[in-house]
Amino acid sequence: MTDINTLTVSRAARMLQGGECSSEELVSSLVRLIQERDGQIGAYLHLDEAGALEQARAIDRARAKGNVDPSNLLAGVPIAVKDILNVKGQPCTCASRILRGYVSPYDATDVARLRECGVVLLGRTNMDEFGMGSSTENSAFQVTHNPHSLDRVSGGSSGGSAAAVAADMAIAALGSDTGGSIRQPASFCGCVGMKPSYGRVSRFGLTAFASSLDQVGPITKNVEDAALLLEAISGRDEMDSTSLDLEPPCREGALRRDLKGIRLGLPKEYFVKGMNPEVEAAVKSAASLCSAAGAEIVEVSLPHTEYAIAAYYIIATAEASANLARFDGVRYGFRSDRAEDVLDMYENTRAEGFGPEVKRRIILGTYVLSSGYYEAYYLAAQKARTLIRSDFEKAFKECYALLAPVAPTAAYKIGEKCDDPLEMYLGDALTVPASLAGICGMSIPCGQTTDDLPIGLQILGPAFREENILRVGYAFEEVLERAGKSEGRGV
Amino acid sequence: MMDVAGEKNIDVAYVAHLARLRLSEEETAVFQKQLEGIVGYVNKVREIDTTGVEPTAHGRSVQNVFREDMAREGLTTEEVLRNAPAQRDGLFVVPKIVE
Amino acid sequence: MKYIASIGLEVHVQLKTDSKMFCSCRTSFGDKPNANICPVCLGYPGTMPTMNEKAICYTVMTGLMTGSSISNYSKFDRKSYFYPDMPKNYQISQYDMPLCVGGSVEIESDAGARSVALCRIHLEEDVAKNLHFANHSGVDFNRAGTPLMEVVTEPDMVSPDEALAFLLALKQILQYVGASDCNLEEGNLRCDVNCSVRPEGTETLGTKSEIKNLNTFKGVHDALAYEIVRQVEALQNGERIVQDTRRWDVDAGATFQMRSKEAAHDYRYFPEPDLMPVVLLQEQIDTWKKGLPELPGARRKRFVAQYGLPEYDARVLAGDREVADLFEQAASFNTDYKSVSNWIMTELLRHLSETGKTVASLPLTPKALADLVALVGGGKVTSTSAKEILGELMAHGGDPATIMQARGLVQVNDSDELSMFVNEAVADNPKSVEDYRKGKKAAIQFLVGQVMKQSRGKANPQIVAQLVRERIDAH
Ligand SMILES: [Zn+2]
């Protein structure tokens, strides 16, 4: 049963349905592997072995009695969840000291939806504290190493989820994406990561970083799995007023190996100066492969891209400064021992509970909202957001989807960018525009650097047209595989 | 990084107090330098001509998302006090508040 | 020099919804601490608010009653400040786009009738309750998240009496809409007031003080009366008024400056990203408008026209929606409208003011009231006995005829039975008999009164008077 761990969701589903293995065996085997490998990688913060085994046995019993609907491919499949989503009865640390001791009394809607499908919740994955970071170095507890090269970062903030999937320590995982936190680690770790359109998936139970940007999405080994998980978690939730009442993307419509006659755009502003040439080459060659498979490739312009980072860091930190005000040591989590009076309690609890990157962003967000600056920063950023969104709307009038790099480089060395927060922020330049516009995006492997580091291709689609990017991604998987075979090696 | 008035663009010590974050002197100095750089960068949004541009508050715009006025059971007192850093007699306990 | 005061009020009204503003927890008063709470109203990580439609509706209805303009587009904002009664350390409120803008409330005080201009009416969430002990404070989150409507006036009132009149008029409107119980003991209405004085003949408003958290109408009145005197005296002594926030100390009968917290609050308002805007189409507003109760003024006029009531009766009855409803329902069973009105205006209103109860809390039904008035009108029961029956109806309910029978209060119309009392009264009161004979007709009332007393109120006074006259004239 050694290959059990390289399973995708769809293969695992077939094996479970065909009786080739049980959910309990799947869980036990993954747990063994995690115990073996995760010491070096650091993907998990909390492994719920007992709980996972119990859930797996319950599904196995139900299946034995014929009580599992065969169309439900997720039943009994173990999945890892980023430690930012609330799971009833479990800690939810957001990789922060400030949530020490907190046990969630409720399930996030996405978690509840997975539970209803019979998904086994394997454990909680590491992340940048409260989602603030691009390398998973900002966790209060551990750094998550890139499984492809242990001295490199896994990307972030959903680095734990991406590394767990890449190292076969999870069949699939949930992450969350505010400005690239699913797409970029998926790219660094060589997985498929999808950020749904804003409003597609419920945010209820997702600890908020930036409420107008956050979305939950899958990190998987292939596009089909991403489609499966997205279908399970999407849809209107009465607990989230910003979630929309839409049919989930049609899996059958999306998953066909066909690019003929569709027009794909290459936004010229995404091929920036200072970009790693290997990354640029890999993305351009991906475009050529799509062209060879029948797609039309055109260059498009998204002229306001250069303002995206500035607008993003204003909006995201402003919202975060309010969202994180609730961590004060009164109702749950950590409280400083130095709490002589109420002001002491607040200031010391937050000083001792938050890490430096979180503090930096809270200060920036507080500053841009403070008296006299609102219009200069927050309002201006909201207007820039309108312009960025209309850039995309224009491009999608012509194009079925856009192809772009996910990040200017592949995974960098741990510690390489720690001292310069601004440089770290600039690394998000290619993922934040889609977040600001609320459109959907996906990262899918498209090659490697000469150091064998994965390179991701970003596929962007119009809002609520997830089937567009799933279709392009699904077709591209095959195109890439065929190309690799004809060259006699991986691309 | 100077703003129009010629003053430093962000006063980290003041803003940190607004955000109830106690910073050491070294932290304040480091953040002051880093955030001046970041604020200088995000000033970019002020360069754009946004005449006649409406702000976007959400990724998507819908409206009137209402809930029917119907009461439902919440959590028990015991459940929520279990998470409290300090509690007594059914109340969350905090240091004495002086008004 | 004479000074003129300018008074503005911010009235926080807890709305009468079943669930909280942004979550489904019960809104109730007097429960065990931390019993009506959930992850949302405790500000747990990952939770999000959802808007209670009823609260929006109540606010808009109130705005329609005050002639405010209802915003077609309004939104919620986050108002940030740290305090232990704030679960999220920001309050969801409305900053620059409230649900209702402008409007006015008609008031009546000794200075006459006039209208007080409103600035706005907006909706927000209430905070938790802090309780203070010797060495620590405790927080009870039951109240956190209760819908709170804030009515803000212009600094338009000139005296504590006008402020009081405004509060009474607002209370009347709120009760008419059914938006709030307006129960002051339970903190349903809480006021912040601001007040400044300026020399007569000048236009610019003086520097104002704000007095926070007044939760009785008397408190508002007394605090303002004190504050005006304080400010005028300060000015007369050549001092300057500093803008400050004060609290009212009932026992001391004075306002005191509150420990100044921040140099200035910086609330960092920004639009609440977790809630979508409220866009009210005229259609929706019209639907709510149709459900709106008749305004007190219109009802007063209708009472005069439809029931032929005197202006005074109509004004008293229409002043309270529950009383007016009781009258109209009783009037549907008994067309002697003036008598129905009399019984409500005297006995019933006296009972309410003595006990502090409301009409709704009485077990008395409109039908029972109408029947009682009919019993009196039909000579079945005397007024005195009817008062006793009404007392019983208001205390325990029931049917007036049954009570009348059970208590033996049926009016005695039988001349033979009454003659005995009449003879006695005439024999015992020769002085009155003498007076009557001398032409003092009023003396007969005294003799009738004696008979009524002897019969324990059951005697028919008309018949008694007749018998007394006959008895004296016969001798
Ligand atoms: Zn609640």
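The values are calculated or read from the model by the stated rules, or taken from the named source; none is laboratory data. It should be emphasised that the depicted structure is a prediction, and the values quoted were computed from it without experimental measurement. Note that we place each Cβ from the backbone using ideal geometry, even for glycine, and neighbour counts take in every protein chain shown. What goes into the accessible areas is simple: the full protein's heavy atoms, side chains included, and nothing from ligands, DNA or RNA. Shrake-Rupley method; radii C 1.70, N 1.55, O 1.52, S 1.80 Å.
For segment A:289-346, a residue qualifies if it is part of a loop (DSSP other than H, G, I, E, B), in contact (Cβ under 8 Å) with a residue 24 or more places away in the chain and of a type in the set (A, V, I, L, M), and the qualifying residues are A:ALA293, A:ALA295, A:LEU302. Considering only residues in segment C:1-28 that are among the aliphatic types (A, V, I, L, M) and surrounded by fewer than 22 Cβ atoms within 10 Å (Cβ to Cβ), the one that is nearest to the ligand (Cβ to nearest atom) turns out to be C:ILE4. The sole residue among A:ALA163, A:ALA210, A:ALA173, A:ALA186 that is under 16 Å from C:PRO273 (Cβ atoms) and either in a loop (DSSP other than H, G, I, E, B) or touching a residue at least 60 places away in the same chain (Cβ under 8 Å) (or both) is A:ALA210. Looking only at residues of segment C:111-145 that are open to solvent by 20 Å² or more (accessible area, probe 1.4 Å) and polar (S, T, N, Q), we find that the one that is farthest from the ligand (Cβ to nearest atom) is C:SER115.
Residue by residue, here is whether (1) within 14 Å of another protein chain (Cβ to nearest Cβ); (2) basic (Lys, Arg); (3) open to solvent by less than 10 Å² (accessible area, probe 1.4 Å); (4) under 23 Å from A:GLY265 (Cα atoms) holds:
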residue	(1), (2), (3), (4)
A:LYS394	no, yes, no, yes
A:ASP419	yes, no, no, no
A:ALA434	yes, no, yes, yes
A:ALA437	yes, no, yes, yes
A:GLN458	no, no, yes, yes
A:GLY473	no, no, yes, yes
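Scanning segment C:45-62 for residues that are modelled with pLDDT under 95 and facing another protein chain (nearest Cβ under 7 Å) yields C:GLU53, C:LYS54.
Against the condition basic (Lys, Arg) and not in a strand (DSSP E or B), how does C:LYS79 come out, does it pass? Judged against the criteria, C:LYS79 is not a match.
Within segment A:355-373, the set of residues being facing another protein chain (nearest Cβ under 7 Å) and not β-branched (Val, Ile, Thr) comprises A:LYS359, A:ARG360, A:LEU364, A:TYR367, A:LEU369, A:SER370, A:SER371. Answer yes if at least one residue in segment A:264-276 is at pLDDT 95 or above, assigned to a helix (DSSP H, G or I), hydroxyl-bearing (Ser, Thr, Tyr) and touching a helix residue (DSSP H, G or I) at 6+ places or on another chain (Cβ under 6 Å), and no otherwise. For segment A:264-276, residues at pLDDT 95 or above, assigned to a helix (DSSP H, G or I), hydroxyl-bearing (Ser, Thr, Tyr) and touching a helix residue (DSSP H, G or I) at 6+ places or on another chain (Cβ under 6 Å): absent. Within this structure, C:MET86 fails the test of being within 13 Å of the ligand (Cβ to nearest atom), open to solvent by less than 10 Å² (accessible area, probe 1.4 Å) and part of a loop (DSSP other than H, G, I, E, B). Residues in segment A:265-304 that are crowded, with 20+ Cβ neighbours inside 10 Å, closer than 23 Å to A:ARG385 by Cα and of a type outside the set (Phe, Trp, Tyr): A:GLY265, A:PRO267, A:VAL300, A:LEU302, A:HIS304. A count restricted to segment C:438-466 and to residues that are open to solvent by less than 20 Å² (accessible area, probe 1.4 Å) and assigned to a helix (DSSP H, G or I) stands at 7. A count restricted to segment A:16-36 and to residues that are crowded, with 19+ Cβ neighbours inside 10 Å and of a type outside the set (Ser, Thr, Tyr) stands at 7.
When segment C:402-432 is filtered for residues that are open to solvent by 40 Å² or more (accessible area, probe 1.4 Å) and within 27 Å of C:LEU352 (Cα to Cα), the ones remaining, listed by number, are C:THR402, C:GLN405, C:ALA406, C:ARG407, C:VAL410.
Of all the numbered requirements in (1) in contact with a Ser or Thr (Cβ under 8 Å, 6 or more places away or on another chain); (2) within 30 Å of A:ALA429 (Cβ to Cβ), A:SER139 misses one, and that requirement is (1).
Remark: pairs (first residue in segment B:52-81, in contact (Cβ under 8 Å) with a residue 12 or more places away in the chain; second residue within 16 Å of the ligand (Cβ to nearest atom) and not acidic (Asp, Glu); Cβ separation under 9 Å; 6+ apart in sequence or on different chains) = B:THR77/C:LYS32; B:THR77/C:PRO33; B:THR77/C:ASN34; B:THR77/C:ALA35; B:THR77/C:ILE37. Scan segment A:49-82 for residues that are open to solvent by 30 Å² or more (accessible area, probe 1.4 Å) and either under 22 Å from the mean Cα position of the chain (by Cα) or among the acidic types (Asp, Glu) (or both) and report the count. Matching residues across segment A:49-82 total 5. Scanning segment B:45-65 for residues that are part of a helix (DSSP H, G or I), modelled with pLDDT under 95, facing chain A (nearest Cβ under 10 Å) and open to solvent by 30 Å² or more (accessible area, probe 1.4 Å) turns up at least one hit. Comparison of C:LEU164, C:LEU205, C:LEU170 shows that the only residue that is touching a helix residue (DSSP H, G or I) at 6+ places or on another chain (Cβ under 8 Å) and in contact (Cβ under 8 Å) with a residue 12 or more places away in the chain is C:LEU164. Among the conditions (1) away from chain B (no Cβ under 11 Å); (2) under 29 Å from the mean Cα position of the chain (by Cα); (3) in a loop (DSSP other than H, G, I, E, B), the only one that C:MET1 does not satisfy is (2). Scanning segment C:59-79 for residues that are farther than 21 Å from C:PRO293 by Cβ and surrounded by fewer than 24 Cβ atoms within 10 Å (Cβ to Cβ) gives C:SER71, C:ASN72, C:TYR73, C:SER74, C:LYS75, C:ASP77, C:LYS79. The set of residues in segment C:29-44 being within 15 Å of the ligand (Cβ to nearest atom) and away from chain B (no Cβ under 11 Å) consists of C:GLY43 alone. C:GLU203 meets the conditions (1) more than 24 Å from the chain's Cα centre (by Cα); (2) assigned to a loop (DSSP other than H, G, I, E, B); (3) farther than 28 Å from C:ARG240 by Cα in every case but one. The failed one is (3). Would you call C:VAL410 among the hydrophobic types (A, V, I, L, M, F, W, C), at pLDDT below 85 and closer than 26 Å to C:PRO363 by Cα? Criteria met by C:VAL410.
Among the candidates C:ILE92, C:ILE56, the residue that is away from the ligand (no atom under 12 Å from the Cβ), in contact with a Pro (Cβ under 7 Å, 6 or more places away or on another chain), open to solvent by less than 10 Å² (accessible area, probe 1.4 Å) and under 24 Å from C:CYS182 (Cβ atoms) is uniquely C:ILE92. Filtering segment C:353-380 down to residues that are of a type in the set (Val, Ile, Thr) and touching a Ser or Thr at 6+ places or on another chain (Cβ under 8 Å), which residue is farthest from C:ARG407 (Cα to Cα)? Within segment C:353-380, the match that is farthest from C:ARG407 (Cα to Cα) is C:VAL373. With respect to the stated conditions, C:LEU148 fails to be in the same structural domain as C:VAL60 (by TED's automatic domain parsing), more than 16 Å from the ligand (Cβ to nearest atom) and buried (at least 19 other Cβ atoms within 10 Å of the Cβ).
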